[in-house]
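Structure, as structure tokens:
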Amino acid sequence: MDTASIVLLSLLGIYLLIKFLAFLSRLGIKQVPPSTLDQMKGITLLDTRTDKEYKQGHIPGAIHIPLSDIGTRAKKLRKDKEMVVYCQNGNRSIWAIKRLMGMGFTNLHNLKGGYGAWKRSHH
């Protein structure tokens, strides 16, 4: 096998490993598609994006707590209330959900595809 083939196979392997790890991180976390979000009543909607991202647009009614502040600022939220967490693409919110689970939150969902998917579905 020549060097180019080895490099390409290595890159493919790394890509597949990253995709697999992302899949594993989502296991056990309920995914809510953007189309379902509109029908959900009485939920807390948590935006975990940066201040800059939030200011550029957000889902109406969302509470903004950047991922880096979850540990301190989420203490004010009700742990038993149903919550949908989102970020830009649906990956950082997984980490926020894992952190919230560790803090005793129980009824958590991830917005599938994040704010980007929600925005595309509302045009």
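Points worth noting:
- Listed residues 11, 67, 45, most fluctuating in the chain (Gaussian network, C-alpha, under 10 Å): 11
- Axis angle, to the nearest 10 degrees, between helix 3-26 and the longest C-alpha principal axis of the chain: 20 degrees.
- Three-way shape call for the chain based on the alpha-carbon gyration tensor, with the a/c threshold at 1.5: prolate
- The angle between the Cα long axis of helix 92-102 and the longest principal axis of the Cα atoms of the chain comes to about 60 degrees, rounded to the nearest 10.
- Put simply, the amide H of residue 31, placed in the peptide plane, has neighbours under 5 Å in 110, leaving out anything fewer than 5 places away on its chain.
- When the solvent-accessible area of the chain is split by element, carbon and sulfur atoms take up 60 percent of it, the probe being 1.4 Å.
- Summed over qualifying helices (DSSP H, 4 residues or more, each -39500 (n - 2.57)) and divided by its residue number, the chain shows a 222 nm mean residue ellipticity of -13000 deg cm²/dmol.
- Residue-normalised accessible area of region 11-122, expressed per residue, 1.4 Å probe, Å²: 59 Å²
- Structure remark: mean-square fluctuation, Gaussian network model of the chain, C-alpha springs under 10 Å; the largest value among 36, 50, 106 belongs to 36.
The values are calculated or read from the model by the stated rules, or taken from the named source; none is laboratory data. The shown structure was predicted, so the numbers you read here are calculated from the model rather than taken from an experiment. Please note that ligands, DNA and RNA were not included when accessible areas were found on the heavy atoms of the full protein model with its side chains. Shrake-Rupley method; radii C 1.70, N 1.55, O 1.52, S 1.80 Å.
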